[in-house]
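The values are calculated or read from the model by the stated rules, or taken from the named source; none is laboratory data. As the structure is a prediction and not an experimental result, all values here were calculated from the model. Quick reminder, even Gly has a Cβ in these numbers, built from the backbone with ideal geometry, and neighbours come from all protein chains shown. Surface areas here come from the heavy atoms of the whole protein model, side chains and all, with no ligands, DNA or RNA. Shrake-Rupley method; radii C 1.70, N 1.55, O 1.52, S 1.80 Å.
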Amino acid sequence: MSGFFGVAAKQDCVFDLFFGIDYHSHLGTRRGGIAVYGERGFDRSIHNIENSPFRTKFDKEIQEMSGTLGIGCISDYEPQPLMVRSHHGTYALTTISKINNIDELTTILFEHGHSHFLEMSGGDINATELVAALINQKENLIEGIQYALDMVDGSLSILLMTSAGIYAARDKHGRTPVVIGRKADAFCASFENFAYKNLGYTDYKELGPGEIVILTDKNCITLVHPGEEMKICTFLWVYYGYPSSSYEGLSVEQMRYNCGAKMAKRDHVKPDIVAGVPDSGIAHAIGYANESGIPFSRPFIKYTPTWPRSFMPTIQSQRNLIAKMKLIALEDLIRDKSLLLIDDSIVRGTQLRETTEFLYESGAKEVHIRPACPPLLYGCKYLNFSRSSSEMDLITRRVIDRLEHGKVQDDILKEYANPESEKYEHMVEEIRKELNFTTLRFNRLDDMLDAVGIDKCKLCTYCWDGRE
Ligand code: SF4
């Protein structure tokens, strides 16, 4: 994922911009960037944030920056914001995107006279540069932004800053949010709505799918009205949204309580304690404990002082080791106890198996696992989602592949998605055995969607049921 933030203000906006971007640090681990526009024109800076937080990389630099307009990002992949000079004039651009049809789009652009793209290390094209090239195909910025939103297969949201203001555009299916905040003499645009609350802004509006607005210090004007069809990512609430955020009017924390309560209502085991895998599992576990009356406790604690963010090496075995090192077991709370443990989801299963082993080694009698979402059967094709790089990384797909002797068709996968089917039960039992849990019960899709509570046809559920 990635996150972005932008401000249009009467006075200097750098302070707001710096903290507004910083509040998106949970959404990316690779690059941080800021671009401002003021009396001295455009100024821009990008840093690698893989091993140190955004704030420490920019806190000196921003003392030198000034401007009344600014945009910035925490990017999980490409360096951005980019500064672009085109027939539209100069603009700064930052995006949240996953572009599945990069090859097709580059071919179209080359056919229309675009001469080249700079390659990043690794040979990929910078997706934000590709979006700039699409925007530059049209006569004016509004048509250009609309064209880019239409042409991208995957998802795309945009902040684009000119000397006149900041254009904010939400993905055409609204997979990720864009919200607008307001205070006296300033407007801001943000992925997370909590990012501007401590800066004195209040909620102004949430952009609808495909909506484009322009922000100045005085106004937020809609340039393109929202479309009808919405498919916001349900995983935002389950896992990667920050607990203090809310989307479409529903708080992430509240949704997790609802999810936990739904799971408790269907459950029959009687463990001694309910616990959550930090961080996102905690709120689901609180919901479960409150509904069931079984005490909530924290049998392992995340060591936060020197792990303020995830340093994530690219090698999977090292990632697992680091995930483990961050958790410290409290043996007194574990020994001779039957534990029910809630995690947001099971992706590969490696970390949860190791956590379970570690609980047994610390004296746990039983470890019952309750993922807060249904089995993940399809890799996400809409968001740049670092947790799963290929569908065969998913433990469900490996188990199904084994059970079906390598012959997995889409209609068979649909059967595995049905919690009433024998195939589903068989798959869950195989996963339970492989990961050595006492019992395993996934949350159901209908319960999870009820926990969100908004119109179900507005929610993306592709990774669980393959519905586009
Ligand atoms: S496929 Fe899953 S992770 Fe991807 S957008 Fe849809 S709900 Fe979110």
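Here are some notes:
- For region 417-468, a residue qualifies if it is surrounded by 17 or more Cβ atoms within 10 Å (Cβ to Cβ), more than 16 Å from the ligand (Cβ to nearest atom) and in a loop (DSSP other than H, G, I, E, B), and the qualifying residues are PRO419, PHE437, THR438, ARG441.
- Within region 67-116, considering residues that are charged (D, E, K, R) and either open to solvent by less than 50 Å² (accessible area, probe 1.4 Å) or at positive phi (or both), the one nearest to the chain's Cα centre (by Cα): ASP76
- Filter result for PHE235 (within 16 Å of the ligand (Cβ to nearest atom), in contact with a Gly (Cβ under 9 Å, 6 or more places away or on another chain) and within 21 Å of LEU69 (Cβ to Cβ)): no
Residues checked against (1) over 30 Å from ASN140 (Cα atoms); (2) under 21 Å from the mean Cα position of the chain (by Cα):
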{"site": "LEU207", "(1), (2)": "no, yes"}
{"site": "SER244", "(1), (2)": "yes, yes"}
{"site": "GLU248", "(1), (2)": "yes, yes"}
{"site": "SER251", "(1), (2)": "yes, yes"}
{"site": "ALA261", "(1), (2)": "yes, no"}
{"site": "ARG266", "(1), (2)": "yes, no"}
{"site": "GLY276", "(1), (2)": "yes, yes"}
{"site": "ILE282", "(1), (2)": "yes, yes"}
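Okay, residues lined up against (1) surrounded by 13 or more Cβ atoms within 10 Å (Cβ to Cβ); (2) among the β-branched types (Val, Ile, Thr); (3) under 21 Å from VAL274 (Cα atoms); (4) modelled with pLDDT under 85:
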position	(1), (2), (3), (4)
PHE311	yes, no, no, yes
GLN316	no, no, no, yes
ASP332	no, no, yes, no
LEU339	yes, no, yes, no
ILE346	yes, yes, yes, no
THR356	yes, yes, yes, no
GLU361	no, no, yes, no
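- Some residue of region 196-209 being in contact (Cβ under 8 Å) with a residue 60 or more places away in the chain, more than 16 Å from the ligand (Cβ to nearest atom), of a type in the set (A, V, I, L, M) and closer than 18 Å to PHE18 by Cα: yes
- Scanning region 40-54 for residues that are under 18 Å from SER66 (Cβ atoms), open to solvent by 50 Å² or more (accessible area, probe 1.4 Å) and either polar (S, T, N, Q) or part of a loop (DSSP other than H, G, I, E, B) (or both) returns a single hit, ARG40.
- When residues of region 366-410 are limited to those that are of a type in the set (S, T, N, Q) and outside any helix (DSSP H, G or I), the one farthest from the ligand (Cβ to nearest atom): GLN409
- Of all residues in region 243-265 being within 16 Å of the ligand (Cβ to nearest atom) and closer than 16 Å to VAL277 by Cα, the one that is surrounded by the most Cβ atoms within 10 Å (Cβ to Cβ): ARG256
- Count - residues of region 258-285 that are within 23 Å of ARG335 (Cα to Cα), among the acidic types (Asp, Glu) and at pLDDT 95 or above: 1
- Scanning region 1-39 for residues that are of a type outside the set (Asp, Glu), open to solvent by 10 Å² or more (accessible area, probe 1.4 Å) and under 25 Å from SER155 (Cα atoms) turns up MET1, SER2, TYR23, SER25, HIS26, THR29, ARG30, ARG31.
- The single residue among MET151, MET120 that is over 24 Å from ASN48 (Cβ atoms) and either touching a Leu at 6+ places or on another chain (Cβ under 7 Å) or more than 16 Å from the ligand (Cβ to nearest atom) (or both) turns out to be MET151.
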